[in-house]
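Scroll down for the structure; my scribbles are underneath it.
The values are calculated or read from the model by the stated rules, or taken from the named source; none is laboratory data. What you are looking at is a predicted structure, and each value in this text was computed from that prediction instead of being measured. Note that we place each Cβ from the backbone using ideal geometry, even for glycine, and neighbour counts take in every protein chain shown.
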Amino acid sequence: FALDRPLFGVPSLQAWLRSEPQASGAAARAGATDAYLLTRTDDEPWVVERGALTSDASLVAPVELAEAFGLVASVPPRRAAAAVAEMAALRLATDPGGDDLERLEPRYLRAPRGVPGASTTGPGSTAAGG
């Protein structure tokens, strides 16, 4: 797949947080009215309703999401590429074989809120799984 080079899956929201140290969380689109939210105190992102994201929250979020959800205090993940490269380099140092491409599963392929099998624990949210 990669010219015999190892490939690594890097969680985007974690990379966005790493790239913006002043942000309290990172958010990405999870549906028309939901978003994935990863805060610095969480191990896994949560699926939250639009109303759970306050406009003054210090978040890293794509411009499209910020505009649609009214997140006026958010910043876009402009420096995320460097964080992705750094995280992949750290993984390469500890696991030179890379990820098994047949087992990598993008987070957005997980079941959205309300789909049977999704966890309902957490702060009024649905765990994004992992």
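The single condition among (1) closer than 27 Å to ASP99 by Cβ; (2) surrounded by 14 or more Cβ atoms within 10 Å (Cβ to Cβ); (3) free of Cβ contacts under 8 Å to residues at least 60 places away in the same chain; (4) more than 12 Å from the chain's Cα centre (by Cα) that PHE8 does not satisfy is (3). Only residues that are among the aliphatic types (A, V, I, L, M) and at pLDDT below 95 were counted across the range 39-64, and they come to 5. When ALA32, ALA26 are checked against the criterion of being under 16 Å from LEU65 (Cβ atoms) and surrounded by 12 or more Cβ atoms within 10 Å (Cβ to Cβ), a single residue qualifies: ALA26.
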